[in-house]
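Presented below is the structure to which this report refers.
The values are calculated or read from the model by the stated rules, or taken from the named source; none is laboratory data. This structure is a prediction, so every number in the text was calculated from the model and none was measured. Cβ sites come from the backbone with ideal geometry, for glycine too, and all protein chains shown count toward neighbours.
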Amino acid sequence: MWRRNLLGSIFHPRNTNKLSTIIPLIPLLFILTASLPGALTKEKINWKHFPTPPHFVHYPNPQVIYFSLDYSKQTNGHSNGGSAGGEAHHFREKTLRCAAHGNPPPMYKWRKDNVPFQTDMFRDRISVSRLNGSLTFSNFAEEDQGVYQCMAENDNGTAFSERITLQEAWIRQFDDYEPETVVVELGDPYSRNCTPPESNPPAHVFWLFRSPKDNQFLQAINSSHISSNEQGTIFFHNVQESDFKDSRFYACAAYNSELKEYKFSNQFNFAIQRNKRDRLNTIHKLHCFFSGYPDPYPNWYHNGLEITQNNSKGFTFESYGKTLVFNVTTDHLGKYECKFQSHASAVDRVFNVKVDAAPYWHDGPPAHTNTSEGETVVFDCKTSGNPAPVVTFYKNGVEMQKPRQGENWVIEGSRLTIYDVKKGLNGQGDNAVYQCKSENKHGYLWTNFYLNLLAFQPKLLEEPDITEAIEGKPFTMSCKFFASPLANVTWKGECPVLQGVDYRSSVDQFGVGWLIFEEVKPSYEGEYKCTGANKYGTASGTVKLLVRKPTSLEPFAEPKMEKQAGLPLKLACEAKHDENLEVKYEWTINGRSVAEKQLDRDNYQVLADNTLLVVNPTQLDSGSYSCIASSKLDAASKTVYISIEDVPMPVYSAFISRCDTVGNTATIQFEHLEPAGGTVPVKEFWVRYLADPEEDSGRWKTHQPLSEPLTTKRSVTQKERSRHPLPFPCTFRQLRLPNHCEEQYW
């Protein structure tokens with residue numbers, strides 16, 4: 001489909017690299033001519049006849065580039081030793097990119113800390129590319145730190161690159177402390193802070209295991225009852241026997257991501273004291289750490305809606321669900337809650353997130369503009385941020401504070417308006433490279449855009465062809481003209497006539513004329529003529545529109561279905577579609593493609609007629625099933641939720657926690673966890689026993705529950721006391737009763 005691809009890269013600010021390969025230009029003071037008005041044949045434009053100011057085509061540089069000095073030359077007590085590998089990366093040469101195109105070809109200059117930078121003085125270690133203005137450091141000295149900026153200039157203007165800060169990377173040592181042994185009672189919570197050493201850039205802080213005998217031994221801490229935050233605090237929600245590591249220390253690590261270097265300190269281990277009392281029940285990060293046993297697991301909510309694992313806003317979880325992680329956008333501001341279903345509401349927590357932001361573009365930076373003398377030009381550097389950004393305009397790198405004599409421009413907020421534009425040389429006219437800077441306390445945006453004054457009648461850049469639209473859907477077609485000033489584009493429908501048709505038309509800043517239909521009808525099929533006109537002439541082209549029938553799917557008979565485990569499940573999917581369009585089918589389960597699900601469970605088959613077959617379904621196959629039928633123009637889908645009724649999962653952690661031989665009683669403790677996709681709740685838990693396995697083999701007796709289990713949404717914890725009058729050894733087993741079957745655990 002051509003409608004959005006008609007030379008879309010030309011003069012587009014995000015695609016200046018494509019422009020650069022086709023627009024070397026020379027000064028021009030006469031009107032260029034194109035094909036005759038109304039001609040349908042396309043004639044090549046000789047771009048070499050157009051003068052243009054410089055515009056950058058290099059890949060943007062990072063705002064900060066770090067370097068490291070050779071060890072033998074380090075000063076100021078900075079430590080670059082103790083690398084965990086990869087330090088050679090920081091002694092390699094670094095290049096500050098600067099490349100621009102324009103006609104005539106631009107000359108390059110560099111500034112450092114707002115002062116002209118004479119590269120010839122450092123030929124032994126700093127070189128300038130022969131192809132462009134890129135600056136390469138083969139090795140570094142401490143005085144290389146600073147803010148660099150490249151200028152590309154020709155007779156039509158001067159472009160200023162983004163500012164690049166060159167900084168030395170370093171990290172100091174931790175203060176030297178002996179490892180500490182911490183005495184703590186079993187089951188108590190414990191936390192410990194870690195303050196990282198000074199570092200540039202700031203070090204990332206985390207905790208790990210380290211051996212006192214082997215400095216090369218490092219191991220991650222991976223336990224659901226241990227959490228840490230990015231400030232360097234480690235939390236033990238309840239100290240357990242497994243936390244005592246005789247041959248390992250808990251160590252705080254500071255990591256400099258530029259040097260790829262670690263520093264270690266603040267090491268400790270535990271001496272666990274067993275007590276006699278009962279134990280009681282952001283990227284931005286929000287933490288909900290509470291002590292307790294069993295480990296408390298929170299549910300998270302954003303503005304009242306629960307955040308699930310398969311959410312669409314980019315939320316992820318760490319520390320076994322106790323830490324909520326998200327990349328902050330305006331969609332993430334508001335009220336956050338963490339709630340513990342099995343605990344009193346007093347432990348629930350509320351966070352209010354307010355989003356500050358560095359400046360960001362609404363619709364992209366201003367585009368390069370070609371127009372002719374006498375026109376009015378508007379450049380809008382519209383940005384958002386919090387706090388509100390301040391916008392400053394520059395012409396050829398010089399701030400525009402007050403119009404000089406003969407200049408006719410006005411700045412209103414983020415808009416620069418230039419009236420009755422005039423051509424001149426060496427910055428005396430309005431033709432120039434302009435810059436705008438949008439800045440608040442969190443950062444800034446910088447961009448270049450030029451104003452080029454030409455006189456050129458409209459030229460159709462690419463001859464339109466056949467395009468297709470879906471009946472009943474919105475649709476947009478376009479014609480792109482090159483013209484200076486921009487062409488006014490009009491449309492005429494030859495069959496049908498546009499009179500009475502629900503449409504609208506517009507022309508954007510790139511010279512593209514759009515014809516927009518709110519709802520396509522079969523009668524709209526036909527040929528449409530687009531005409532571009534300015535004060536120097538006209539050009540036309542014809543678009544042929546074909547209307548296709550939409551793709552559709554009959555919905556499932558019911559939005560929810562219950563199926564028996566073990567019985568094959570078939571879900572049909574057949575679309576109605578236009579005979580001229582090829583349709584492809586895809587099945588998803590809980591948002592994951594069947595191909596991806598087959599990596600976990602190899603019981604899905606898609607048959608030749610696009611029917612999905614689940615060969616041996618279990619409760620793990622419960623979920624939302626969707627069929628998607630798509631063509632090159634549209635797509636349709638249908639969804640059904642399938643509940644698979646299945647036997648329960650086995651209980652786990654079943655053990656005899658207390659045995660009283662005097663009173664002939666035993667206390668059995670067990671836990672049961674329902675899978676996330678489980679749909680049939682367990683009704684009862686039974687405990688069975690053999691009073692004497694040798695005499696009563698096979699004759700199990702059932703003990704009725706004596707207490708209500710402690711339950712959450714997905715887990716059960718229960719203690720049962722069983723009494724028997726005879727002092728024989730006993731064997732126990734548990735049974736779970738759902739709605740329709742039972743399963744044993746020995």
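The table that follows gives values for the structure above.
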{"read-out": "Of the criteria (1) assigned to a strand (DSSP E or B); (2) buried (at least 18 other Cβ atoms within 10 Å of the Cβ), which one GLU586 fails", "value": "(2)"}
{"read-out": "Residue in the stretch 217-224 that is aromatic (Phe, Trp, Tyr), assigned to a loop (DSSP other than H, G, I, E, B) and farther than 14 Å from PHE268 by Cβ present", "value": "yes"}
{"read-out": "Candidates LYS423, LYS492, LYS437, LYS459 - the one that is within 39 Å of the chain's Cα centre (by Cα) and among the basic types (Lys, Arg)", "value": "LYS437"}
{"read-out": "Hits in the stretch 425-475 - residues which are surrounded by fewer than 15 Cβ atoms within 10 Å (Cβ to Cβ) and in the same structural domain as GLN405 (by TED's automatic domain parsing)", "value": "LEU425, ASN426, GLN428, LYS441, HIS442, GLY443"}
{"read-out": "Any hit, the stretch 550-564, residues being touching a helix residue (DSSP H, G or I) at 6+ places or on another chain (Cβ under 7 Å) and either among the small types (Gly, Ala, Ser) or buried (at least 17 other Cβ atoms within 10 Å of the Cβ) (or both)", "value": "no"}
{"read-out": "Counted residues, the stretch 189-213 - those being surrounded by 15 or more Cβ atoms within 10 Å (Cβ to Cβ), in contact with a Lys or Arg (Cβ under 9 Å, 6 or more places away or on another chain) and assigned to a loop (DSSP other than H, G, I, E, B)", "value": "4"}
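Here is a yes/no grid of residues against (1) modelled with pLDDT of 90 or more; (2) at negative phi; (3) β-branched (Val, Ile, Thr); (4) in a strand (DSSP E or B):
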position: SER478; (1), (2), (3), (4): yes, yes, no, yes
position: PHE482; (1), (2), (3), (4): no, yes, no, yes
position: VAL489; (1), (2), (3), (4): yes, yes, yes, yes
position: GLY493; (1), (2), (3), (4): no, yes, no, yes
position: GLN499; (1), (2), (3), (4): no, yes, no, no
position: LEU515; (1), (2), (3), (4): yes, yes, no, yes
position: ALA539; (1), (2), (3), (4): yes, yes, no, yes
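Residue by residue, here is whether (1) touching a strand residue (DSSP E or B) at 6+ places or on another chain (Cβ under 6 Å); (2) surrounded by 12 or more Cβ atoms within 10 Å (Cβ to Cβ); (3) at pLDDT below 90; (4) outside any strand (DSSP E or B) holds:
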| site | (1), (2), (3), (4) |
| --- | --- |
| LEU599 | no, no, yes, yes |
| ASN610 | yes, yes, no, yes |
| LEU613 | yes, yes, no, no |
| PRO650 | yes, yes, yes, yes |
| ALA654 | yes, yes, yes, no |
| ARG658 | yes, no, yes, no |
| ALA666 | yes, yes, yes, no |
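Residue by residue, here is whether (1) in contact with a Ser or Thr (Cβ under 6 Å, 6 or more places away or on another chain); (2) under 30 Å from TYR394 (Cα atoms); (3) at pLDDT 95 or above holds:
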| position | (1), (2), (3) |
| --- | --- |
| LYS73 | no, no, no |
| SER83 | no, no, no |
| HIS90 | yes, no, no |
| ASN103 | yes, yes, no |
| THR119 | no, yes, no |
| GLY133 | no, yes, no |
| GLU142 | no, no, no |
| ASP155 | no, yes, no |
| ARG172 | yes, no, no |
